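Data first, discussion second: the structure below is written as C-alpha coordinates.
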Amino acid sequence: MTATSDMGTPDLGVQPTPLALLLLGQRSDSDSERGTACPGELPAASDPTLVARARTAKDALGDKVFVLGHHYQRDEVIQFADVTGDSFKLAREAAARPEASYVVFCGVHFMAESADILTGNHQQVVLPDLAAGCSMADMATAEQVAEAWDVLTDAGIAGGRGSGASGNRGGRGSGASGNPVTVPVSYMNSSAAIKAFTGRHGGTICTSSNAEVAMRWALDQGDAGGKGEKVLFLPDQHLGRNTAVLQLGLSLDDCVVYDPRRPNGGLTVDQLRAATVILWKGHCSVHGRFTAQTVTEVRERVPGVTVLVHPECKHEVVTAADLVGSTEFIIKTIEAAPSGSAWAIGTELNLVSRLAKAHPDKTIVFLDKTVCFCSTMNRIDLPHLVWALESLVDGRVVNRIDVDNDTAHYAKVALDQMLALPGI
Ligand code: SF4
(Lines give C-alpha, C1' and ligand atoms only; values in the text may rest on other atoms or scores of the structure.)
Protein backbone atom coordinates (compact mmCIF):
# COMPACT_ATOMS: atom_id res chain seq x y z
CA MET A 1 0.00 0.00 0.00
CA THR A 2 1.31 3.47 -0.83
CA ALA A 3 1.74 5.70 2.23
CA THR A 4 0.32 9.22 2.17
CA SER A 5 1.77 12.41 3.59
CA ASP A 6 -0.05 14.84 5.91
CA MET A 7 -1.24 16.66 2.80
CA GLY A 8 -2.93 13.52 1.56
CA THR A 9 -0.57 13.15 -1.37
CA PRO A 10 1.10 9.81 -2.05
CA ASP A 11 4.48 9.33 -0.37
CA LEU A 12 6.79 8.30 -3.19
CA GLY A 13 9.82 8.09 -0.95
CA VAL A 14 11.13 11.46 -2.11
CA GLN A 15 12.98 13.37 0.63
CA PRO A 16 13.23 17.15 0.66
CA THR A 17 16.59 18.60 -0.37
CA PRO A 18 18.45 19.36 2.89
CA LEU A 19 19.92 22.57 1.49
CA ALA A 20 16.99 24.32 -0.09
CA LEU A 21 17.86 27.15 -2.43
CA LEU A 22 17.24 30.54 -0.90
CA LEU A 23 14.81 32.79 -2.60
CA LEU A 24 16.81 35.66 -3.99
CA GLY A 25 16.79 38.67 -1.71
CA GLN A 26 15.18 36.75 1.16
CA ARG A 27 16.59 35.15 4.28
CA SER A 28 20.13 34.00 4.85
CA ASP A 29 21.90 30.76 5.60
CA SER A 30 24.95 31.31 7.73
CA ASP A 31 25.86 27.61 7.66
CA SER A 32 26.33 27.58 3.93
CA GLU A 33 27.57 31.20 3.71
CA ARG A 34 24.82 31.90 1.25
CA GLY A 35 23.54 34.80 3.29
CA THR A 36 21.88 37.55 1.39
CA ALA A 37 22.53 40.20 4.03
CA CYS A 38 24.79 42.99 2.91
CA PRO A 39 25.99 44.90 5.97
CA GLY A 40 26.67 48.56 5.39
CA GLU A 41 25.50 50.83 2.68
CA LEU A 42 24.95 49.19 -0.68
CA PRO A 43 25.05 51.89 -3.36
CA ALA A 44 21.87 52.36 -5.33
CA ALA A 45 21.91 50.74 -8.75
CA SER A 46 20.82 54.07 -10.21
CA ASP A 47 23.84 55.94 -8.78
CA PRO A 48 25.46 57.55 -11.86
CA THR A 49 28.87 57.64 -10.16
CA LEU A 50 29.18 53.85 -9.73
CA VAL A 51 31.62 53.33 -12.59
CA ALA A 52 33.83 56.18 -11.37
CA ARG A 53 33.63 54.90 -7.79
CA ALA A 54 34.67 51.38 -8.81
CA ARG A 55 37.58 52.78 -10.82
CA THR A 56 38.72 55.03 -7.96
CA ALA A 57 38.56 52.22 -5.39
CA LYS A 58 40.38 49.78 -7.66
CA ASP A 59 43.10 52.35 -8.41
CA ALA A 60 43.49 53.08 -4.70
CA LEU A 61 44.01 49.38 -3.98
CA GLY A 62 46.50 48.97 -6.84
CA ASP A 63 48.36 45.64 -6.87
CA LYS A 64 46.84 44.69 -3.53
CA VAL A 65 43.65 43.67 -5.29
CA PHE A 66 43.10 41.27 -8.18
CA VAL A 67 39.65 41.13 -9.73
CA LEU A 68 38.54 37.94 -11.48
CA GLY A 69 35.57 37.89 -13.85
CA HIS A 70 33.80 34.74 -15.02
CA HIS A 71 32.62 34.70 -18.64
CA TYR A 72 28.99 34.69 -17.48
CA GLN A 73 29.26 37.96 -15.56
CA ARG A 74 27.44 41.13 -16.54
CA ASP A 75 29.17 43.69 -18.79
CA GLU A 76 29.01 46.30 -16.01
CA VAL A 77 31.15 44.02 -13.82
CA ILE A 78 33.40 42.36 -16.39
CA GLN A 79 34.86 45.76 -17.38
CA PHE A 80 36.66 45.81 -14.01
CA ALA A 81 38.08 42.30 -14.25
CA ASP A 82 41.88 42.00 -14.43
CA VAL A 83 41.36 38.66 -16.10
CA THR A 84 38.35 36.81 -17.49
CA GLY A 85 37.91 33.07 -17.89
CA ASP A 86 36.13 29.91 -16.86
CA SER A 87 36.15 28.78 -13.26
CA PHE A 88 39.36 26.79 -13.33
CA LYS A 89 41.34 29.32 -15.35
CA LEU A 90 40.32 32.00 -12.86
CA ALA A 91 41.33 29.93 -9.83
CA ARG A 92 44.74 29.33 -11.38
CA GLU A 93 45.10 33.01 -12.26
CA ALA A 94 44.40 33.86 -8.63
CA ALA A 95 47.04 31.37 -7.48
CA ALA A 96 49.54 33.00 -9.85
CA ARG A 97 49.13 36.42 -8.13
CA PRO A 98 50.65 35.94 -4.66
CA GLU A 99 51.29 39.68 -4.43
CA ALA A 100 47.56 40.40 -4.33
CA SER A 101 46.32 40.48 -0.74
CA TYR A 102 42.72 40.52 -1.90
CA VAL A 103 41.15 38.47 -4.66
CA VAL A 104 37.71 39.78 -5.57
CA PHE A 105 35.89 36.96 -7.34
CA CYS A 106 33.14 38.07 -9.70
CA GLY A 107 31.57 34.67 -10.18
CA VAL A 108 29.73 32.25 -7.90
CA HIS A 109 30.39 30.70 -4.52
CA PHE A 110 32.09 27.43 -5.52
CA MET A 111 34.51 29.35 -7.73
CA ALA A 112 35.52 31.64 -4.89
CA GLU A 113 36.04 28.54 -2.72
CA SER A 114 38.38 27.06 -5.33
CA ALA A 115 40.29 30.34 -5.48
CA ASP A 116 40.64 30.31 -1.69
CA ILE A 117 41.91 26.71 -1.79
CA LEU A 118 44.52 27.48 -4.44
CA THR A 119 45.73 30.84 -3.09
CA GLY A 120 48.12 31.41 -0.20
CA ASN A 121 47.16 31.87 3.45
CA HIS A 122 48.11 35.56 3.23
CA GLN A 123 45.46 36.13 0.56
CA GLN A 124 41.78 36.75 1.21
CA VAL A 125 39.07 35.93 -1.32
CA VAL A 126 35.97 38.11 -1.49
CA LEU A 127 32.66 37.26 -3.18
CA PRO A 128 30.82 40.59 -3.61
CA ASP A 129 27.40 39.00 -3.01
CA LEU A 130 27.13 35.84 -0.91
CA ALA A 131 23.83 35.01 -2.58
CA ALA A 132 25.75 34.22 -5.75
CA GLY A 133 25.51 30.46 -5.38
CA CYS A 134 25.05 27.81 -8.04
CA SER A 135 21.95 25.67 -8.28
CA MET A 136 23.95 22.79 -9.73
CA ALA A 137 26.53 22.81 -6.95
CA ASP A 138 23.72 22.90 -4.39
CA MET A 139 22.25 19.70 -5.85
CA ALA A 140 24.98 17.64 -4.17
CA THR A 141 25.49 18.23 -0.46
CA ALA A 142 28.23 16.57 1.58
CA GLU A 143 25.64 14.62 3.60
CA GLN A 144 23.88 13.32 0.50
CA VAL A 145 27.14 12.23 -1.09
CA ALA A 146 28.33 10.50 2.10
CA GLU A 147 25.03 8.61 2.19
CA ALA A 148 25.40 7.63 -1.45
CA TRP A 149 28.90 6.36 -0.79
CA ASP A 150 27.51 4.16 1.98
CA VAL A 151 24.96 2.77 -0.50
CA LEU A 152 27.76 2.01 -2.98
CA THR A 153 29.84 0.44 -0.20
CA ASP A 154 26.92 -1.77 0.87
CA ALA A 155 26.54 -2.82 -2.77
CA GLY A 156 30.19 -3.91 -2.71
CA ILE A 157 31.39 -1.38 -5.26
CA ALA A 158 33.05 1.26 -3.07
CA GLY A 159 35.63 1.22 -0.37
CA GLY A 160 33.93 2.76 2.66
CA ARG A 161 33.98 6.21 4.12
CA GLY A 162 37.62 6.96 3.39
CA SER A 163 40.06 8.67 5.65
CA GLY A 164 38.06 11.58 6.98
CA ALA A 165 40.24 14.00 8.89
CA SER A 166 42.75 11.34 9.86
CA GLY A 167 45.05 12.27 7.04
CA ASN A 168 45.10 8.78 5.58
CA ARG A 169 44.05 9.21 2.02
CA GLY A 170 42.19 6.29 0.67
CA GLY A 171 38.75 4.91 0.50
CA ARG A 172 38.88 4.11 -3.18
CA GLY A 173 40.38 0.74 -2.36
CA SER A 174 38.57 -2.46 -2.97
CA GLY A 175 34.90 -3.16 -3.00
CA ALA A 176 33.70 -6.57 -1.97
CA SER A 177 36.32 -9.04 -3.03
CA GLY A 178 36.62 -9.20 -6.79
CA ASN A 179 34.09 -6.46 -7.45
CA PRO A 180 35.01 -3.34 -9.37
CA VAL A 181 35.55 -0.23 -7.30
CA THR A 182 34.15 3.23 -7.81
CA VAL A 183 36.24 6.35 -8.31
CA PRO A 184 34.58 9.74 -7.81
CA VAL A 185 34.99 12.33 -10.56
CA SER A 186 33.61 15.72 -9.55
CA TYR A 187 33.02 18.65 -11.81
CA MET A 188 34.58 21.97 -10.82
CA ASN A 189 31.02 23.18 -10.32
CA SER A 190 30.73 21.62 -6.88
CA SER A 191 31.23 22.80 -3.33
CA ALA A 192 34.57 22.58 -1.56
CA ALA A 193 33.06 19.83 0.61
CA ILE A 194 32.34 17.68 -2.46
CA LYS A 195 35.81 18.33 -3.81
CA ALA A 196 37.21 17.23 -0.43
CA PHE A 197 35.09 14.06 -0.54
CA THR A 198 36.58 13.39 -3.97
CA GLY A 199 40.12 13.87 -2.66
CA ARG A 200 39.51 11.63 0.34
CA HIS A 201 38.29 8.84 -1.93
CA GLY A 202 41.10 8.91 -4.46
CA GLY A 203 39.16 10.71 -7.18
CA THR A 204 39.75 13.73 -9.33
CA ILE A 205 38.14 17.03 -10.23
CA CYS A 206 37.38 17.77 -13.87
CA THR A 207 36.29 20.71 -15.98
CA SER A 208 34.12 20.64 -19.06
CA SER A 209 37.37 20.75 -21.09
CA ASN A 210 39.00 17.69 -19.52
CA ALA A 211 36.08 15.52 -18.41
CA GLU A 212 37.00 12.86 -20.99
CA VAL A 213 40.58 12.53 -19.73
CA ALA A 214 39.40 12.52 -16.11
CA MET A 215 36.81 9.82 -16.72
CA ARG A 216 39.24 7.62 -18.67
CA TRP A 217 41.76 7.97 -15.86
CA ALA A 218 39.16 7.05 -13.25
CA LEU A 219 38.04 3.98 -15.19
CA ASP A 220 41.64 2.79 -15.28
CA GLN A 221 42.14 3.00 -11.51
CA GLY A 222 41.78 0.31 -8.90
CA ASP A 223 43.63 -2.60 -7.46
CA ALA A 224 43.62 -4.53 -10.69
CA GLY A 225 44.92 -1.47 -12.51
CA GLY A 226 42.78 -2.38 -15.47
CA LYS A 227 39.36 -1.85 -16.96
CA GLY A 228 36.13 -2.65 -15.30
CA GLU A 229 36.20 0.12 -12.71
CA LYS A 230 33.32 2.51 -12.12
CA VAL A 231 32.90 6.26 -11.94
CA LEU A 232 30.61 8.22 -9.64
CA PHE A 233 30.19 11.46 -11.56
CA LEU A 234 29.16 14.52 -9.51
CA PRO A 235 27.08 16.65 -9.68
CA ASP A 236 26.13 17.25 -13.35
CA GLN A 237 24.45 14.25 -14.92
CA HIS A 238 24.49 15.84 -18.37
CA LEU A 239 28.22 16.49 -18.55
CA GLY A 240 28.81 12.98 -17.21
CA ARG A 241 26.45 11.34 -19.68
CA ASN A 242 27.66 13.35 -22.67
CA THR A 243 31.28 12.53 -21.84
CA ALA A 244 30.63 8.83 -21.25
CA VAL A 245 28.59 8.31 -24.40
CA LEU A 246 30.01 10.77 -26.92
CA GLN A 247 33.67 10.72 -25.94
CA LEU A 248 34.24 7.35 -24.28
CA GLY A 249 31.92 5.39 -26.54
CA LEU A 250 29.88 3.91 -23.70
CA SER A 251 26.17 3.33 -24.21
CA LEU A 252 23.34 5.09 -22.41
CA ASP A 253 22.66 1.74 -20.73
CA ASP A 254 26.13 1.82 -19.18
CA CYS A 255 24.99 4.86 -17.16
CA VAL A 256 22.53 5.01 -14.27
CA VAL A 257 21.24 8.09 -12.47
CA TYR A 258 21.56 8.23 -8.69
CA ASP A 259 18.77 10.36 -7.22
CA PRO A 260 19.84 11.51 -3.73
CA ARG A 261 16.21 12.17 -2.80
CA ARG A 262 15.20 8.54 -3.18
CA PRO A 263 16.10 5.62 -0.95
CA ASN A 264 19.31 4.01 -2.25
CA GLY A 265 19.35 6.59 -5.00
CA GLY A 266 16.33 4.93 -6.60
CA LEU A 267 18.57 2.09 -7.81
CA THR A 268 18.82 -1.60 -7.05
CA VAL A 269 22.08 -3.27 -6.09
CA ASP A 270 22.08 -5.07 -9.43
CA GLN A 271 21.69 -1.78 -11.31
CA LEU A 272 24.56 -0.24 -9.38
CA ARG A 273 26.78 -3.25 -9.98
CA ALA A 274 25.98 -3.38 -13.69
CA ALA A 275 26.62 0.31 -14.37
CA THR A 276 29.94 1.71 -15.50
CA VAL A 277 29.06 5.33 -14.79
CA ILE A 278 26.87 6.37 -11.86
CA LEU A 279 25.58 9.85 -12.64
CA TRP A 280 24.49 12.13 -9.83
CA LYS A 281 21.04 13.62 -10.44
CA GLY A 282 22.12 17.23 -10.77
CA HIS A 283 21.99 19.70 -13.61
CA CYS A 284 22.56 23.33 -14.53
CA SER A 285 19.33 25.29 -14.43
CA VAL A 286 20.57 27.50 -17.28
CA HIS A 287 21.89 24.91 -19.76
CA GLY A 288 19.13 22.48 -18.78
CA ARG A 289 16.55 24.79 -20.36
CA PHE A 290 17.60 24.10 -23.93
CA THR A 291 15.73 21.34 -25.75
CA ALA A 292 16.10 19.48 -29.02
CA GLN A 293 13.10 21.53 -30.19
CA THR A 294 15.08 24.78 -29.69
CA VAL A 295 17.76 23.37 -31.99
CA THR A 296 15.16 22.53 -34.65
CA GLU A 297 13.58 25.96 -34.35
CA VAL A 298 16.82 27.90 -34.65
CA ARG A 299 17.70 25.95 -37.80
CA GLU A 300 14.37 27.09 -39.30
CA ARG A 301 14.88 30.67 -38.09
CA VAL A 302 18.50 31.21 -39.17
CA PRO A 303 19.49 29.75 -42.55
CA GLY A 304 22.87 28.01 -42.61
CA VAL A 305 23.32 28.29 -38.86
CA THR A 306 25.84 26.15 -36.97
CA VAL A 307 24.60 25.14 -33.54
CA LEU A 308 27.26 25.22 -30.82
CA VAL A 309 26.37 24.12 -27.29
CA HIS A 310 27.94 23.56 -23.89
CA PRO A 311 28.20 19.94 -22.60
CA GLU A 312 26.05 20.84 -19.57
CA CYS A 313 23.12 20.72 -22.02
CA LYS A 314 20.92 17.62 -22.13
CA HIS A 315 22.09 14.67 -24.23
CA GLU A 316 19.28 15.19 -26.75
CA VAL A 317 20.45 18.79 -27.29
CA VAL A 318 24.10 17.91 -27.61
CA THR A 319 23.37 15.16 -30.13
CA ALA A 320 21.14 17.51 -32.15
CA ALA A 321 23.78 20.27 -32.19
CA ASP A 322 26.69 20.56 -34.63
CA LEU A 323 29.40 21.25 -32.09
CA VAL A 324 29.78 20.83 -28.35
CA GLY A 325 32.45 22.21 -26.08
CA SER A 326 33.44 24.15 -22.99
CA THR A 327 33.07 27.88 -22.56
CA GLU A 328 36.66 28.41 -23.69
CA PHE A 329 36.02 26.17 -26.73
CA ILE A 330 32.94 28.20 -27.62
CA ILE A 331 34.88 31.47 -27.44
CA LYS A 332 37.78 30.15 -29.52
CA THR A 333 35.43 28.63 -32.12
CA ILE A 334 33.63 31.94 -32.63
CA GLU A 335 36.91 33.87 -32.78
CA ALA A 336 38.18 31.51 -35.50
CA ALA A 337 34.91 31.45 -37.46
CA PRO A 338 34.88 33.05 -40.92
CA SER A 339 33.25 36.41 -41.44
CA GLY A 340 29.64 36.02 -42.57
CA SER A 341 29.10 32.70 -40.78
CA ALA A 342 26.01 32.15 -38.64
CA TRP A 343 26.01 30.65 -35.14
CA ALA A 344 23.41 29.70 -32.55
CA ILE A 345 25.01 29.27 -29.15
CA GLY A 346 23.59 27.31 -26.24
CA THR A 347 25.19 28.73 -23.15
CA GLU A 348 24.69 31.61 -20.70
CA LEU A 349 23.27 34.75 -22.28
CA ASN A 350 25.79 37.32 -20.97
CA LEU A 351 28.56 35.47 -22.79
CA VAL A 352 26.55 35.03 -26.00
CA SER A 353 25.63 38.74 -26.04
CA ARG A 354 29.27 39.73 -25.56
CA LEU A 355 30.39 37.41 -28.36
CA ALA A 356 27.74 38.91 -30.67
CA LYS A 357 28.97 42.44 -29.87
CA ALA A 358 32.61 41.49 -30.33
CA HIS A 359 31.99 39.85 -33.74
CA PRO A 360 29.60 42.10 -35.68
CA ASP A 361 30.78 40.50 -38.96
CA LYS A 362 29.18 37.19 -37.92
CA THR A 363 25.57 36.34 -37.14
CA ILE A 364 25.46 35.16 -33.53
CA VAL A 365 22.15 34.30 -31.92
CA PHE A 366 21.11 32.79 -28.62
CA LEU A 367 19.88 29.22 -29.00
CA ASP A 368 16.66 29.80 -27.08
CA LYS A 369 14.00 32.34 -27.99
CA THR A 370 13.57 33.32 -24.36
CA VAL A 371 16.05 35.05 -22.05
CA CYS A 372 18.33 32.69 -20.17
CA PHE A 373 20.71 34.45 -17.79
CA CYS A 374 22.23 32.64 -14.85
CA SER A 375 20.37 34.39 -12.04
CA THR A 376 23.02 33.71 -9.44
CA MET A 377 25.88 34.91 -11.66
CA ASN A 378 23.82 38.05 -12.18
CA ARG A 379 23.72 38.66 -8.42
CA ILE A 380 27.17 40.21 -8.77
CA ASP A 381 26.32 43.68 -9.99
CA LEU A 382 28.10 47.01 -9.95
CA PRO A 383 26.67 48.14 -6.57
CA HIS A 384 28.00 44.99 -4.87
CA LEU A 385 31.37 45.31 -6.59
CA VAL A 386 31.67 48.96 -5.55
CA TRP A 387 30.66 48.06 -2.00
CA ALA A 388 33.27 45.26 -1.81
CA LEU A 389 36.07 47.41 -3.27
CA GLU A 390 35.31 50.51 -1.19
CA SER A 391 35.16 48.37 1.95
CA LEU A 392 38.64 47.05 1.17
CA VAL A 393 39.87 50.61 0.71
CA ASP A 394 38.46 51.34 4.18
CA GLY A 395 40.37 48.34 5.57
CA ARG A 396 37.31 46.06 5.92
CA VAL A 397 37.23 42.65 4.23
CA VAL A 398 33.59 41.89 3.52
CA ASN A 399 32.07 38.62 2.32
CA ARG A 400 35.29 36.70 2.75
CA ILE A 401 35.21 33.08 1.52
CA ASP A 402 37.30 30.98 3.86
CA VAL A 403 37.43 27.21 3.40
CA ASP A 404 38.48 25.33 6.56
CA ASN A 405 41.92 23.70 6.48
CA ASP A 406 40.84 20.06 6.42
CA THR A 407 38.34 20.60 3.61
CA ALA A 408 40.84 22.72 1.70
CA HIS A 409 43.54 20.06 2.08
CA TYR A 410 41.48 17.22 0.61
CA ALA A 411 39.88 19.42 -2.03
CA LYS A 412 43.38 20.37 -3.14
CA VAL A 413 44.33 16.68 -3.31
CA ALA A 414 41.54 16.22 -5.87
CA LEU A 415 42.44 19.42 -7.74
CA ASP A 416 46.11 18.39 -7.85
CA GLN A 417 45.05 15.01 -9.22
CA MET A 418 43.32 16.82 -12.06
CA LEU A 419 46.47 18.80 -12.79
CA ALA A 420 48.43 15.53 -12.90
CA LEU A 421 46.14 14.00 -15.52
CA PRO A 422 47.77 13.35 -18.88
CA GLY A 423 47.62 16.28 -21.26
CA ILE A 424 46.38 18.84 -18.70
S1 SF4 B 1 25.38 28.68 -15.30
FE2 SF4 B 1 24.63 26.81 -14.27
S3 SF4 B 1 26.47 25.78 -13.49
FE4 SF4 B 1 27.04 27.93 -14.00
S5 SF4 B 1 26.79 29.06 -12.06
FE6 SF4 B 1 24.84 29.25 -13.18
S7 SF4 B 1 23.58 27.54 -12.41
FE8 SF4 B 1 25.70 27.09 -11.82
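In table form, for the structure just shown:
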read-out: Whichever residue in region 107-123 is closer than 21 Å to L42 by Cα and outside any helix (DSSP H, G or I) and, among such residues, is nearest to the ligand (Cβ to nearest atom); value: V108
read-out: Helices (runs of 4 or more DSSP H) within region 206-319 that include 3 or more residues assigned by TED's automatic domain parsing to the domain that holds V181 and farther than 30 Å from R92 by Cα; value: 269-274
read-out: Condition met for T119 (farther than 18 Å from R379 by Cα, in the same structural domain as F233 (by TED's automatic domain parsing), surrounded by 15 or more Cβ atoms within 10 Å (Cβ to Cβ) and among the hydroxyl-bearing types (S, T, Y)); value: no
read-out: Checklist (1) modelled with pLDDT of 95 or more; (2) surrounded by 15 or more Cβ atoms within 10 Å (Cβ to Cβ) applied to L349, failing item; value: (1)
read-out: Residue within region 140-151 that is touching a residue at least 24 places away in the same chain (Cβ under 8 Å), buried (at least 23 other Cβ atoms within 10 Å of the Cβ), within 12 Å of the ligand (Cβ to nearest atom) and not in a loop (DSSP other than H, G, I, E, B) present; value: no
read-out: Answer from T294, T243 - the residue that is closer than 20 Å to V318 by Cβ, buried (at least 20 other Cβ atoms within 10 Å of the Cβ) and over 18 Å from the mean Cα position of the chain (by Cα); value: T294
read-out: Contacts under 6 angstrom Cβ, first residue in region 104-120 being within 16 Å of T141 (Cα to Cα), partner away from the ligand (no atom under 13 Å from the Cβ), 6 or more apart; value: E113/A192; E113/I401; E113/V403
read-out: Criterion: farther than 25 Å from L367 by Cα and within 16 Å of the ligand (Cβ to nearest atom) - qualifying residue of L234, L267; value: L234
read-out: Candidate set from region 369-411 (those that are free of Cβ contacts under 8 Å to residues at least 24 places away in the same chain and closer than 16 Å to S114 by Cα); member that is nearest to the ligand (Cβ to nearest atom); value: D404
read-out: Residue in region 318-334 that is within 16 Å of the ligand (Cβ to nearest atom) and of a type in the set (F, W, Y) present; value: yes
read-out: Spans of helices (runs of 4 or more DSSP H) in region 334-424 with at least 1 residues within 23 Å of Q79 (Cα to Cα) and aromatic (F, W, Y); value: 382-393
read-out: Candidate set from region 77-94 (those that are farther than 22 Å from R396 by Cα, at pLDDT below 95 and part of a helix (DSSP H, G or I)); member that is nearest to the ligand (Cβ to nearest atom); value: S87
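For (1) touching a residue at least 40 places away in the same chain (Cβ under 8 Å); (2) more than 20 Å from L152 (Cα to Cα), each residue gets a yes or a no:
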residue: E229; (1), (2): yes, no
residue: D254; (1), (2): no, no
residue: L272; (1), (2): yes, no
residue: T306; (1), (2): no, yes
residue: A321; (1), (2): no, yes
residue: V324; (1), (2): yes, yes
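The values are calculated or read from the model by the stated rules, or taken from the named source; none is laboratory data. None of the values given here were measured: they were computed from a predicted structure. With ideal geometry, Cβ positions are generated from the backbone for all residues, glycine too; neighbour counts draw on all protein chains shown.
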